[in-house]
Amino acid sequence: MLTALPGRLARRCGPLCRQQVLLFGEADTASAQFSGGYNHSQIRWASKKQGGSTQNTKDSNPKMLGIKLYGGQHCIPGNIIVRQRGTEYHPGANVGMGRDHTIYALTEGYVKFAYNKLKKRRTIGVQLLPQQPAQQLRQEQTALRQIRLQLP
């Protein structure tokens, strides 16, 4: 026989709770036939729809990695040639490598990519400007600095 909720359970669930309790010991012939002879203790329906959880919602900022100056392009001292993680490209002549493996130009010239077959490494270097050896280039730079210092 289906009865009302017991006192403690009724106070906890409230009047709008959809719950039916079949009390033990009381078996109606109609309910016993209906339930197939099994004694069900309670039936409950969800009162709130459950919200799903989300994953993979965080993302990091882009790091702008890659080649910045290609082979044959003109560069000046300090120009970044490649930003990379690890040493995919190794430094060659007239270039330096930062602590984050960024390869940058040390002198003015043209970017040159090369492959060393013995070491199996890709290297990047800066080829000096044509018709200007390194000493002549340094002399011109120091002369320009002296001229700038003398200007009022």
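The values are calculated or read from the model by the stated rules, or taken from the named source; none is laboratory data. Predicted, not measured: the structure shown is a model, and the values here were computed from it. Side chains included, ligands, DNA and RNA excluded: accessible areas come from the protein's heavy atoms. Shrake-Rupley method; radii C 1.70, N 1.55, O 1.52, S 1.80 Å.
Things to note:
- With every protein chain in place and a 1.4 angstrom probe, the accessible-area ranking of GLU108, GLU88, largest first, reads GLU88, GLU108.
- Residue ranking by accessible heavy-atom surface, 1.4 Å probe, largest first, among THR57, THR142 comes out as THR57, THR142.
- Taking all protein chains together and a 1.4 Å probe, the residues SER53, SER60 rank SER53, SER60 from largest to smallest accessible area.
- Measuring max minus min along each principal axis, the C-alpha atoms of the stretch 77-123 give extents of 29, 22, 10 Å (largest first).
- Accessible area of HIS90 (1.4 Å probe, protein heavy atoms only, ligands and nucleic acids ignored): about 30 Å².
- Longest to shortest principal axis, alpha-carbon extents of the stretch 62-152, angstrom: 50, 33, 20
- Difference of contour (0.36 nm per residue) and Cα-Cα distance, ILE80 to THR142: 20.0 nm
- Summary of the geometry: the stretch 96-150 and the stretch 40-61, compared by the centres of their Cα atoms, lie 61 Å apart.
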